[in-house]
Amino acid sequence: MNILTIDTATNIELIALRTAETTLQFCNDTQRSHSVTIFENLLNLLNQGNVKMRDLNLIATGIGPGSFTGVRIAVSTARMMAQILEVPLVGLITHDIYGASAALLCEEDKILVAFDAKKGRVFGALYAKNNTAIPESIISAGDYDINFLLKDIKKGERVLCIGDGSILYKKEIAAMAESIGFSYTIKEDFLPSGDIACRIALALYNKDKGLYESYNLTLPFYARMSDAEIARK
């Protein structure tokens, strides 16, 4: 099965192609220029894998939460391709991709995924490492104050912190770690795994194929209203 997975909810542009033989990926910090780079990088990856677009069997996209524009770019691109190619489309919580990628490599007990959401908040999630494809969700992905994500971590636990929100609020993380008594590591250069993203997509699809047959069912997950929506209220 040929699986294409894309995610542009953050500064990181992730495009992964999984075939029967291997998994190829483009994963780089494009500074949210995804609308300029995504199609060129996608086509380059397909060419590298010697896979025609018509040979794709399953498409997956990160649905956020994250940058409103970034989320829309990935979801719109994936929906368009799934509609034209008439293939199933799986929506993935962006934080699940990052959390599962981190769990594969880390030795910590908990994984904090936090992306800058502006206004003193983060699009964040907290996971506990386990032996499943996606780590156990302690706090599901959403719009939070960084301290809310940290308050229930237990004394003595070890936490891996990833995402630009972890860097931005490192002082708050340090203060909570000292107050509660947990240890932490902030991995500033963390990149998600395209292979993990494709594996999650395939697992979800195989669990209930009927949920993913129509591209219309895959929608962005913004976690909060945009400034324009708030202004209209």
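Cut-off is 10 Å between beta-carbons; in what order do LEU112, LEU204, LEU104 appear when sorted fewest neighbours first? Walk me through the numbers before you get to the answer.
On the way: LEU112 29, LEU204 19, LEU104 13.
Sorted ascending by nearby Cβ count, the order is LEU104, LEU204, LEU112.
What's the FRET efficiency of ALA128 with LEU217 using the Cβ-Cβ distance as r and R₀ = 30 Å, to the nearest 0.05?
Working: r = 29 Å, r/R0 = 0.96.
In this case the efficiency is close to 0.55.
Let me check I've understood the local charge: for LYS110, count other residues with C-beta under 13 angstrom from its C-beta, Lys and Arg +1, Asp and Glu -1. What total comes out?
Numbers: positive: LYS129, LYS151, LYS154, LYS155, ARG158; negative: GLU107, GLU108, ASP109, GLU136, ASP152, GLU157.
Charge balance near LYS110 sits at -1.
Just from the alpha-carbon atoms, what are the Rg and Dmax of the chain in angstroms?
Every Cα atom of the chain included, Rg and Dmax give 17.6, 55 Å.
Dividing the Cα convex hull volume of segment 95-186 by residue count, how many Å³ per residue is that? Don't skip to the end; give the middle numbers.
On the way: hull volume 7.0 nm³, N = 92.
Hull volume normalised by residue count: 77 Å³.
Antiparallel DSSP bridges in the chain: what percent, to the nearest 5? Please list the in-between numbers first.
Values: 25 of 41 bridges.
Counting DSSP beta bridges with both partners in the chain, the antiparallel share is about 60 percent.
Straight-line reach from LYS155: which lysines fall under 28 Å, measuring Cα to Cα and dropping same-chain residues less than 8 apart?
Those lysines meeting the cut-off are LYS110, LYS129, LYS170, LYS171, LYS187.
I need the GluC sites (Glu not before Pro) found in segment 109-197, filtered to DSSP loop residues with at most 13 other beta carbons within 10 Å of theirs.
Values: sites: GLU136, GLU157, GLU172, GLU178, GLU188; in loops: GLU157, GLU188.
The qualifying sites are GLU188.
For the chain, give the magnitude of the charge dipole about the Cα centre (Cβ charges: +1 Lys/Arg, -1 Asp/Glu; no others), in debye to the nearest 20.
Numbers: 24 positive and 27 negative charges, 91 e Å.
It works out to roughly 440 debye.
Show me the trypsin sites (Lys or Arg not before Pro) within segment 26-129 that DSSP assigns to loop and that have at most 11 other Cβ atoms within 10 Å of their Cβ. Write out the running numbers ahead of the final one.
On the way: sites: ARG32, LYS52, ARG54, ARG72, ARG79, LYS110, LYS118, LYS119, ARG121, LYS129; in loops: ARG32, LYS52, LYS118, LYS119, ARG121, LYS129.
Counting only loop positions with at most 11 other Cβ atoms within 10 Å, the trypsin sites (Lys or Arg not before Pro) in segment 26-129 are LYS52, LYS118, LYS119.
For segment 54-147, give the magnitude of the charge dipole about the Cα centre (Cβ charges: +1 Lys/Arg, -1 Asp/Glu; no others), in debye to the nearest 20.
Values: 8 positive and 10 negative charges, 79 e Å.
Approximately 380 debye in magnitude.
Can you pull out the GluC sites (Glu not before Pro) in segment 1-62 that DSSP calls coil and that have at most 12 other Cβ atoms within 10 Å? Could you put the intermediate results ahead of the total?
Values: sites: GLU13, GLU21, GLU40; in loops: GLU21.
Sites meeting the loop and neighbour criteria: GLU21.
Pick from ALA203, ALA74, ALA103 the residue whose mean-square fluctuation is largest in a GNM of the chain, springs joining Cα atoms under 10 Å.
Greatest mean-square fluctuation among the candidates belongs to ALA203.
Based only on other Cβ atoms within 10 Å, what is the fewest-to-most ordering of HIS34, HIS95? Please report the intermediate quantities before stating the final value.
Details: HIS34 25, HIS95 33.
Listed from fewest to most nearby Cβ atoms, that is HIS34, HIS95.
Could you give the length gained on full extension between ASP208 and ALA174, defined as 0.36 nm per residue of separation minus the Cα-Cα distance, in nm?
On the way: separation 34, 0.36 × 34 = 12.24 nm, distance 4.16 nm.
Extending this stretch completely gives an extra 8.1 nm.
So in segment 95-186, what percent of DSSP beta bridges are antiparallel if you round to the nearest 5? Provide the component values of the computation, followed by the final result.
Working: 13 of 21 bridges.
The antiparallel fraction comes to roughly 60 percent.
Just from its helices, what would the mean residue ellipticity at 222 nm be for the chain, if runs of 4 or more DSSP H residues each count -39500 (n - 2.57) and the sum is divided by every residue, rounded to the nearest 500 deg cm²/dmol?
On the way: 8 runs with 86 residues, N = 233.
Helices in the chain give a 222 nm mean residue ellipticity of -11000 deg cm²/dmol.
Normalised by the number of residues in the chain, what is the relative contact order in percent for Cα pairs under 8 Å and 6+ residues apart? Present the calculation step by step, with values, prior to reporting the outcome.
Values: 498 pairs, mean separation 51.0, N = 233.
For the chain, the relative contact order is 22 percent.
Bear in mind these aren't lab numbers, they're just calculated from the coordinates by the rules spelled out. What you see is a predicted model; the values in this text were computed from it and never measured. All Cβ positions, glycine included, derive from the backbone under ideal geometry; neighbour counts span all protein chains shown.
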